[in-house]
1. Using Cα-Cα distances under 8 Å and only pairs 6 or more residues apart, what relative contact order does segment 27-98 have, in percent?
2. Would you kindly derive the ³J(HN,Hα) couplings of segment 128-138 from the backbone phi angles with the Karplus curve 6.51 cos²θ - 1.76 cosθ + 1.60 (θ = phi - 60°), listing them in order in whole Hz, with x for Gly and Pro?
3. Under unit Cβ charges (Lys, Arg +1; Asp, Glu -1), what dipole magnitude, rounded to 20 debye, does segment 12-161 have relative to its Cα centre?
4. Roughly how big is the chain's charge dipole about its Cα centre, with Cβ charges of +1 (Lys, Arg) and -1 (Asp, Glu), in debye to the nearest 20?
5. Across segment 227-237, in residue order, what do the Karplus-derived ³J(HN,Hα) couplings come to in whole Hz, using 6.51 cos²θ - 1.76 cosθ + 1.60 with θ = phi - 60° and x for Gly and Pro?
6. Which whole-number percentage describes the relative contact order of the chain, with Cα contacts under 8 Å and a sequence gap of 6 or more?
7. Rounded to whole Å and sorted largest first, list the principal axis extents of the Cα atoms in segment 209-348.
8. Return P(r) of segment 244-304 (all Cα-Cα pairs; 5 Å bins starting at 0; whole %; ordered from short to long distances).
Amino acid sequence: MCCLREVDDPRKPSNGTLHDFVEILVIAMAAVLSDCDTVEDIAYWAYKKEDWLRQFLPLKNGVPSEKTFLRIFRALDPKQFEVAFRRWVAEVVGTLNGGIAVDGKTVRGSGSGGETAIHMVSAFATELGVVLGQEKVAAKSNEITAIPELLQALHIKDLLITIDAMGCQRNIARQITDQGGDYLLAVKGNQPALLEAIQTDFLDQYQSDAVDRHRQVHKSRGRIVGQIASVLPAEGTVDLADWPKCKTIGLVDSLRKVGDQESNFERRYYISSRELTAEQLAVAVRSHWAIENRLHWVLDVSFGEDASTVRKDNAPQNLSLLKKIVLNLIRLDTTEQKKTSLRLKRKAAAWDDDFRVKIMGLIRL
């Protein structure tokens, strides 16, 4: 909570302020943790839980109204909010292991009513399941411009950064290695010469003993996924002047069947600055998709992000970050011994005042 004090109050003191700025943010965080997805929910929850909130916050003039919450989130500087978030994550997470998946998501509900939907690029620690940072894609731009800004703000030394084909850019690969990290980039048609070189190498060496292969089958909830991962040395195939320190080229063939539906075949190619075995490639590729299953899907289904009707100014971006803060709080919680879904943990926080206190680390006045 101390990191929130680094964020400037966007209101002008000359206009008079009834409610403490940090108190507003803490209330909003507690409400979202307690299964509130909209600004209307947050304000009503605060009204109903005012007595409980007074155990931790002075609330000199009571709890804020819905209009006050909305006005704050519209005016709040998202860059400052993001910096405070990153500092908090760095403090609570410590040294990371494994990989960081980088991927984008459009907040669809923010695009109604004549407003353009915002697109956020997030960095996700795949082993811990927590968000490390986010960067809004500028209007009339794309992820290629946002990814370098996001990476620059992160400590990625010795970590494997996985990005889909949109991020397969020479400058991004160079930035990752310059920052001491390794990259694993999906290669598609936006890099035609590189893609053709990799495809040709795997065709030419299909029967070669130089190809390391790993086969695996995953079964889960009526879905069967068979996968063959193959790797070859990048030397002689990839131009190191364009793709610095590239050591491995990869191929992943997947066959997926859901229920009685016919199988879907997918073939994907990769480059990496790390010397990966076929098994390590398979693990890294599966870990990357955790950002879809454990972040984007969760934001939509559990936090109702796409259904949000908040569209004006900085509010969509700030509320998206607020939900990621709460997601991290839940994922990092060690007070609950019983294995419980994220959905049920939010329900528990709504029902159980003591549980909410433990997750947020609140201290009574």
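The values are calculated or read from the model by the stated rules, or taken from the named source; none is laboratory data. Values in this document were obtained by computation on a predicted structure and should not be read as measured data. Virtual Cβ from ideal backbone geometry, glycine too; neighbours counted across all protein chains shown. Note: areas computed on protein heavy atoms with side chains; ligands, DNA, RNA excluded. Shrake-Rupley method; radii C 1.70, N 1.55, O 1.52, S 1.80 Å.
1. Details: 28 pairs, mean separation 18.8, N = 72.
It rounds to 26 percent for segment 27-98.
2. 7, x, 10, 8, 9, x, 9, 9, 7, 6, 5
3. Using Cβ point charges on Lys, Arg, Asp and Glu, segment 12-161 gives about 420 debye.
4. Details: 49 positive and 49 negative charges, 203 e Å.
It comes to approximately 980 debye.
5. For segment 227-237, the Karplus curve yields 9, 10, 9, 10, 9, 9, x, 7, 4, x, 10 Hz.
6. On the way: 601 pairs, mean separation 73.0, N = 365.
Relative CO of the chain lands at 20 percent.
7. If we take the Cα atoms of segment 209-348, the spans are 54, 43, 33 Å.
8. 4, 14, 17, 17, 18, 15, 9, 5, 1
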